[in-house]
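Report on one structure; see the data block that follows.
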Amino acid sequence: MFTIPSVYFYKVEAFEEHRDKLLTFFESIDCEGAPEKLQEDVVTDWFNSSVADTHPPYFSYISKILEPELKVINEAFGNHETEIVDVWFQQSSGDQRHYVHSHGQDGISCIWYLEYDPSVHNPTKFYCPFTDPLTGSQWEFDPDVREGGLIAFPSYIQHEQRPSFSDKRRTIVSFNIKKKRESKKLGEQLTNL
């Protein structure tokens, strides 16, 4: 009767080249704008862009390099006229985590794994929006994540990043896609890092 749409790419094309450029660029970003509690849990530039209501300087770069994947995602979710509305990166290590959350009731959310070692990192855990009809148990899903992989899912799906308890850093780029609307101001953009 109902299924939950999702798309998974095992590795984005030219991933290593893009990863290295993005990681170098992320080192230059000041992430001190996050609330103190969140700073303890993850390193992210989410608050830099959301407070200023602009896209981060790497927004156009991400949009361009992920065009083939974005086309497939759009087809899988109904071929609407869509756009990326938010982009941010998140880094964690040790006991850092991002607690259970969703990205709102409409749209598609994506996670691109730039630094991910399956021998020490946990994949994003997803929680089904409905329970097992016979037991009432919460269904959970841990995807087979690989470095360079990208997963797209409905924004309303609850998910979390569990701690790895490893000193090895885990880095993701996350973004939300919605039906086209009036966009944020672009601000100054870099087209090549």
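Of note:
- Global form of region 70-122, assessed from the alpha-carbon gyration tensor, a/c cut-off 1.5: prolate
- For the chain, a simple Cβ point-charge model (Lys and Arg +1, Asp and Glu -1, everything else neutral) yields a dipole of about 380 debye relative to the Cα centre.
- Helical mean residue ellipticity (222 nm; -39500 (n - 2.57) per DSSP H run of 4+; nearest 500) of the chain: -6000 deg cm²/dmol
- Taking all protein chains together and rolling a 1.4 Å probe, Trp88 ends up with roughly 20 Å² accessible.
- Accessible-area order (highest first, 1.4 angstrom probe) of the listed residues Val12, Val100: Val100, Val12
- Note on exposure: Thr131, Thr24, Thr82 ranked by accessible area (1.4 Å probe, complete protein assembly) read Thr24, Thr131, Thr82, with the most exposed listed first.
- Shape category assigned to region 1-91 from the gyration tensor of Cα positions, a/c cut at 1.5: prolate
- Excluding exposed DSSP-loop trypsin sites (Lys or Arg not before Pro) (at most 12 other C-beta within 10 Å), longest clean stretch of the chain: 1-179
- Only Cα pairs under 8 Å and 6+ residues apart enter the sum, and on that basis the relative contact order of the chain stands at 34 percent.
- Global geometry of region 100-144, whether rounded, prolate or oblate, following the gyration tensor of its Cα atoms and the 1.5 cut on a/c: oblate
- Unit charges at the beta carbon, dipole of the chain: most positive-side option, Ile111, Pro129, His18: Pro129
- Accessible surface ranking that places the most exposed of Phe59, Phe2, Phe175 first, with a 1.4 angstrom probe: Phe2, Phe59, Phe175
- Think of each Lys and Arg Cβ as +1 and each Asp and Glu Cβ as -1; about the Cα centre, that makes the dipole of region 95-172 roughly 140 debye.
- Note on Tyr8: accessible area is roughly 60 Å² with a 1.4 Å probe, heavy atoms of protein only.
- Compactness of the chain - radius of gyration and Dmax, Cα, Å: 16.4, 54
The values are calculated or read from the model by the stated rules, or taken from the named source; none is laboratory data. Here the structure is a predicted model, which means the values were calculated and not measured. Please note: Cβ atoms are built from the backbone with ideal geometry, for glycine as well, and neighbour counts cover all protein chains shown. Heavy atoms of the whole protein, side chains included, go into the accessibility calculation; ligands, DNA and RNA do not. Shrake-Rupley method; radii C 1.70, N 1.55, O 1.52, S 1.80 Å.
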